[in-house]
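This report concerns only the one structure given below.
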Amino acid sequence: MKKIKMDRKMKIIVITSVIVIVLLASFVCILFMNKNRYHDVNVYLFSGETCPVCQRARTYIEELNEDLDGKINLIEYEVWNNEENQTNMQKVAEEFGDTLSGVPYIIVGEESFNAFSDVIGLRIKDAIETEIKKENPQDLVAPIISEE
């Protein structure tokens, strides 16, 4: 009689353990799927080598990338010392309908920013977060630059 009770207790322990393991595995899968449903976003920064405002923009985007678990691909083009990069920046600006007043010139998805400040930083952050959540984030710059 005692042996039957032990077997029954063991069955309950085993069944409970299996249920707990399945629930934990399901929870981990849900967390993993939610994290991966967000996409990386290309952020283009056209900058000048010694431009202090460009440095502030770069630092801001790099810190934002850390906060967003590395979801930002910062693609930077130095335009003061590189004619090809200058030409590419002009082509991008024309395509976006922008009149440039200098650098930094930043593109996120369908949005462009021709300067940097705390307020513009918040707008850049919003644009990045919007693109991250999209099923298919926009990269409108790559096709413009690759046209030759």
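The values are calculated or read from the model by the stated rules, or taken from the named source; none is laboratory data. Everything numeric in this text was worked out from a predicted model, so none of it was measured. Note: ideal-geometry Cβ built from the backbone for every residue, glycine included; neighbour counts use all protein chains shown. These accessible areas exclude ligands, DNA and RNA; they are computed on the full protein's heavy atoms, side chains included. Shrake-Rupley method; radii C 1.70, N 1.55, O 1.52, S 1.80 Å.
Seen from all directions on average, the chain presents a Cα convex hull projection of 12.7 nm².
Within the chain, how many Lys pairs sit with Cα atoms under 25 Å apart, leaving out pairs fewer than 8 places apart on the same chain? Going through the chain pair by pair, I get 12. Of all complete DSSP H helices in the chain, those with a Cα span along the helix axis of 18 Å or greater and a mean Kyte-Doolittle hydropathy of 1.0 or more are 2-36.
Give me the accessible area per residue for the chain, probe 1.4 Å, as a whole number in Å².
On the way: 9960 Å² over 148 residues.
On a per-residue basis, 67 Å².
Remark: the chain carries a charge dipole of roughly 2360 debye about the Cα centre, counting +1 on each Lys and Arg Cβ and -1 on each Asp and Glu Cβ. When the accessible area of the stretch 45-148 is computed with all protein chains present and a 1.4 Å probe, what percentage of it is carbon and sulfur? Roughly 44 percent of what the probe reaches on the stretch 45-148 is carbon or sulfur. Only one residue of 103, 121, 26 has its Cα farthest out toward the positive end of the dipole of the chain, where Lys and Arg carry +1 and Asp and Glu -1 on Cβ, and that residue is 26. DSSP beta bridges confined to the chain are antiparallel in about 50 percent of cases.
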